[in-house]
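Structure, as structure tokens:
The values are calculated or read from the model by the stated rules, or taken from the named source; none is laboratory data. Remember, predicted model here, so these are calculated numbers, not experimental data. Positions of Cβ are generated from backbone atoms using ideal geometry, with glycine treated the same way; all protein chains shown enter the neighbour counts.
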Amino acid sequence: MIGGYDIFVLIVVFLAILTVFLGVKTVPQGYNWTVERFGRYTRMLRPGLNLVVPFIDRIGRKMNVMEQVIDVPQQEVITKDNASVTVDGIAFFQVFDAAKASYEISSLEPAIRHGPGSDAVASRRNQRTSVARRRCRGIALGHQGQPH
């Protein structure tokens, strides 16, 4: 028969095995994982076999550090010689600092896709459009009362 001592030993062995499995992490090639202790970033796990403190540390973000490709949305731009051109493209990017990419940007891909330049391009396009509208209105108003 199984006594109370035998059940206790089985539980201790089970908890020991569980603790070992929770403390050993295998990070695949091309990824970096962040480690958080009580919700705060503490360190980075590199590809290979890594050890963490079970029940205290947890894996935060699993960042892909391989080169990636994203499609840049099609945009219409005006060149210096006032030609209207539609541009389309792709962007290649690679994460070099997984901690900064994880904790300083809420959504990495949309930040890259739309980036700081896209707001400047859109504002510049809107500015050119409003200048063109004012010029057209001025021309239309100037010719209304005058004979041709």
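Just to verify a result, which residue in region 72-92, among those that are in contact (Cβ under 8 Å) with a residue 24 or more places away in the chain and either within 17 Å of the chain's Cα centre (by Cα) or within 24 Å of residue 32 (Cα to Cα) (or both), is surrounded by the fewest Cβ atoms within 10 Å (Cβ to Cβ)?
92
How do the pairs read when you match residues in region 44-58 that are under 8 Å from residue 25 (Cα atoms) with residues anywhere that are exposed (fewer than 14 other Cβ atoms within 10 Å of the Cβ) and not acidic (Asp, Glu), using Cβ under 7 Å and keeping only pairs 6 or more apart or on different chains?
That search, which allows pairs on different chains as well, returns 49/24; 49/26; 51/24.
Please specify each residue of region 59-71 satisfying the condition of being closer than 30 Å to residue 17 by Cα and either outside any strand (DSSP E or B) or in contact (Cβ under 8 Å) with a residue 40 or more places away in the chain (or both).
Across region 59-71, the qualifying residues are 60, 61.
When residue 57 is evaluated against the numbered criteria (1) surrounded by 14 or more Cβ atoms within 10 Å (Cβ to Cβ); (2) modelled with pLDDT under 85, which criterion, by number, is the only one it fails?
(2)
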